[in-house]
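Structure first, then comments.
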Amino acid sequence: MTRLALFVLILSLAACGRDAGPDFTPVDPPSPPGDAVHVQPIGDEGQVELVVGQTLALEMRSHFEWREAAAPTLLRRDDILWGPADRAGQDPGTTGNTSWQVFVYRAREPGEETLTLVEARPWEPEQIIDRYVLTVRIRADGDTPGR
């Protein structure tokens, strides 16, 4: 067997043992400790009802970064959790993957608030790529829902 043929054979065998490509199987978003109302946007707007003291986990999926268009007044942001949105993002050295950004809020007082999040590239924050608007209704513990 010539050296070239041997080299090609070794390369072929080595390639057989490698993955065909990244694994884009979805991964659940990171979750805040304790009980929370979880919201994953469908479309560009939604609504949720909370009780004062309840936690909201707003689970945003992105290639870039989400941020609040304005600071909420009836909600207190407790945290922003980050994590990969698929298994490929868990592999070290991979770039450009989709990630989760979970905004964790605590309902502070009763009322209704519009929470607007915008998505942009970190290096072009003024170029809005996407927008999500969530209407949040907060009631005092013991109030009847829908009132």
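The values are calculated or read from the model by the stated rules, or taken from the named source; none is laboratory data. Fair warning: this is a prediction, and the values are worked out from it, not measured in the lab. Heads up: the accessible areas ignore ligands, DNA and RNA and are worked out on the full protein's heavy atoms, side chains in. Shrake-Rupley method; radii C 1.70, N 1.55, O 1.52, S 1.80 Å.
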Once phi for every residue in the range 124-139 is put through the Karplus expression 6.51 cos²θ - 1.76 cosθ + 1.60 (θ = phi - 60°), the whole-Hz ³J(HN,Hα) values, with Gly and Pro written as x, are 9, x, 7, 8, 6, 8, 8, 9, 10, 10, 10, 8, 10, 10, 10, 10
Expected unfolding gain across ARG108-ASP91 under the 0.36 nm per residue rule, minus the alpha-carbon gap, is 2.3 nm
Counting only protein heavy atoms and a 1.4 Å probe, tell me what percentage of the range 48-123's accessible area is made up of carbon and sulfur. 45 percent
